[in-house]
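Below is one structure; the comments refer to it alone.
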Amino acid sequence: MKITVFGTGYVGLVTGTCLADVGHDVVCVDIDQSKIDRLTQGEIPIYEPGLESMVLRNVEAQRLSFTTDARKAVEHGVLQFIAVGTPPDEDGSADLQYVLAVAATIGQYMNDYKVVIDKSTVPVGTADKVSACIAGVLAERVAEFDFDVCSNPEFLKEGSALEDFTRGARIVVGTDSDRVADLMRECYAPYNRNREKLMFMSVRAAELTKYAANAMLATKISFMNEMANLAERLGADIEDVRRGIGSDPRIGYHFIYPGCGYGGSCFPKDVQALARTASKVGYQAELLQAVEAVNKRQKSTLFDKLSHALGGELAGKTIALWGLAFKPETDDMRDAPSRALMERLWEEGAVVQAYDPEAMKECRRLYGERDDLVLVADRVQAVKKADALVVCTEWKEFRTLDAGWIREQLSHPVVIDGRNLFDPEAMANAGIDYYAVGRGKTMPLATAV
Ligand SMILES: NC(=O)c1ccc[n+]([C@@H]2O[C@H](COP(=O)([O-])OP(=O)(O)OC[C@H]3O[C@@H](n4cnc5c(N)ncnc54)[C@H](O)[C@@H]3O)[C@@H](O)[C@H]2O)c1
Ligand SMILES: O=c1ccn([C@@H]2O[C@H](COP(=O)(O)OP(=O)(O)O[C@H]3O[C@H](CO)[C@@H](O)[C@H](O)[C@H]3O)[C@@H](O)[C@H]2O)c(=O)[nH]1
């Protein structure tokens, strides 16, 4: 099938590449000239395991190409995927300006029947807005072309995007048109062979399904973080509690890892946007607000524990940071817990000495050259001459630690572990003040039980 994908970010590039990989003829279009230039030269602008070789293979086979020429792109595909960003607006709602700009472009260059597919995460009712926008532009052109708008939300996770796209649990399609359903079935047929994964529903149900999925996962995480904070105050080990509850199949082991708060480009903004959608229809989404509030508080626990462990004296200290990305296997730092910590440390006059296997370039892009940000080549360099160590991301290479060696490196024997990677007993035996999440050393308690 001839397919056009607007946006070559995490979702657009993965969608376009995976659809080309099963034989479709895909054109990816972006307004970012430098991104398209890099892609055209075979350079992948993001880090996503396995993506580079898949892109190169499909470009070579001439099934995948990149352009900034919107006319050419619109004319190419019968399917037009919109996979551009929907960042938070000032009040937390999803900002639809990029989605609607694409809709206007499609209206402007439409030359035949098109199915316009909202793959970006968009609030309920967006398909109607996209449809009205295209119709408006066509009316201005005094042109008449048939088109449909459907919702096809994406559930991939960064770091395992290819696996999630090609072997995802479901493919949700919101449409009330048989013609669209047939075309979407044809598009996804290669990924729908083992069992029926396509789920057809109304456009509004599909739009809400995406937010409901993210909100449910974020709720699980905030719930576990709340339990971890409680465990700390009650003298229980949250990792025992996690195993204890995860073994109940009604609860399950997925997404119940306590940590230093969820980050990334999706959970924070989507929980907020859903709460805004709720208030716009006169409903106070109290649970969603609590999920977000707990997460915000969780992100500050790294700093609070560090400050406590160092007696509140952070000015002039050098803090080693392992992990900048919001999770392993990505270079994405959007809303990463590391950022909340670094920004707070800088306010206090501390120097951050950081290492991340993939996100160092992104960190430099975000914060530029500054005296209080030292980016080093590996995790060993990060702790050299540092006062304390904080672990923000559970990259595999951080999972082992020679406690005795760490004890020798740090001027204060303080390790703050935002991901519960190490054994509290071994750390204590090595003489390290080890603070984790819901285990390890605890801060003084307001009320002891
Ligand atoms: N990142 C994820 O893991 C993920 C997963 C599922 C869903 N989503 C959703 O998918 C959408 C895209 O997310 P992303 O992380 O890929 O974003 P991104 O910021 O990585 O990429 C968006 C791309 O769209 C391009 N763009 C903007 N306006 C354009 C236009 N008019 N024409 C063509 N290209 C244009 C930008 O230049 C950018 O390259 C968002 O709604 C997000 O919530 C993201
Ligand atoms: O048990 C857990 C699981 C995750 N996290 C954190 O939650 C955040 C999000 O992680 P993850 O969901 O793995 O990454 P994303 O790439 O943000 O993917 C989410 O957001 C995407 C964009 O909407 C959806 O498509 C995915 O289904 C959804 O998992 C990260 O900061 C993780 O550290 C935890 O703290 N504990």
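The values are calculated or read from the model by the stated rules, or taken from the named source; none is laboratory data. What you are looking at is a predicted structure, and each value in this text was computed from that prediction instead of being measured. Here Cβ is always computed from backbone atoms with ideal geometry, including for glycine, and neighbour counts include all displayed protein chains.
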**Q.** Every residue from the stretch 388-404 that is surrounded by 21 or more Cβ atoms within 10 Å (Cβ to Cβ) and in a loop (DSSP other than H, G, I, E, B)
**A.** Cys392, Thr393, Trp395, Leu401
Q: Among the candidates Val74, Val59, single out the residue that is assigned to a helix (DSSP H, G or I), out of contact with any Asp or Glu (no Cβ under 8 Å at 6 or more places or on another chain) and buried (at least 22 other Cβ atoms within 10 Å of the Cβ).
A: Val74
Q. What pairs can you find where one residue is in the stretch 192-221 and near ligand 2 (Cβ under 10 Å from one of its atoms), the other is modelled with pLDDT of 95 or more and assigned to a helix (DSSP H, G or I), and their Cβ atoms are less than 6 Å apart, with a gap of 6+ or different chains?
A. Tyr211/Asp270; Tyr211/Leu274; Asn214/Phe267; Asn214/Asp270; Ala218/Phe267; Ala218/Val271; Ala218/Val291
Q. Which one of these does Ala315 not meet: (1) within 25 Å of the chain's Cα centre (by Cα); (2) assigned to a loop (DSSP other than H, G, I, E, B)?
A. (1)
**Q.** Only one of Val99, Val14 that is within 16 Å of ligand 2 (Cβ to nearest atom), under 30 Å from Ala278 (Cα atoms) and at pLDDT 95 or above
**A.** Val99
Q: Could you tell me which residue of the stretch 293-326 is farthest from ligand 1 (Cβ to nearest atom), considering only residues that are buried (at least 22 other Cβ atoms within 10 Å of the Cβ) and under 26 Å from Leu274 (Cβ atoms)?
A: Thr301
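Residue by residue, here is whether (1) in a loop (DSSP other than H, G, I, E, B); (2) surrounded by fewer than 17 Cβ atoms within 10 Å (Cβ to Cβ); (3) away from ligand 1 (no atom under 12 Å from the Cβ) holds:
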| site | (1), (2), (3) |
| --- | --- |
| Asp91 | yes, yes, yes |
| Ala101 | no, yes, no |
| Gly107 | no, no, yes |
| Val149 | no, no, yes |
Q | Residue tally, condition within 12 Å of ligand 2 (Cβ to nearest atom) and over 19 Å from the mean Cα position of the chain (by Cα), over the stretch 252-291 | A | 2
Q: Within the stretch 256-283, track down each residue that is within 16 Å of ligand 1 (Cβ to nearest atom), hydrophobic (A, V, I, L, M, F, W, C) and assigned to a helix (DSSP H, G or I).
A: Phe267, Val271, Ala273, Leu274, Ala275
Q: Can you tell me which residue within the stretch 110-140, out of those that are crowded, with 17+ Cβ neighbours inside 10 Å and more than 26 Å from Met201 (Cα to Cα), is nearest to ligand 1 (Cβ to nearest atom)?
A: Val137
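Within the stretch 115-133, is there a residue that is over 28 Å from Gln272 (Cβ atoms) and not assigned by TED's automatic domain parsing to the domain that holds Glu358? Spell out the reasoning first.
Our first condition is that a residue be over 28 Å from Gln272 (Cβ atoms); within the stretch 115-133, this holds for 115.
Cutting the leftovers down to not assigned by TED's automatic domain parsing to the domain that holds Glu358 gives us 115.
For the stretch 115-133, residues over 28 Å from Gln272 (Cβ atoms) and not assigned by TED's automatic domain parsing to the domain that holds Glu358: present.
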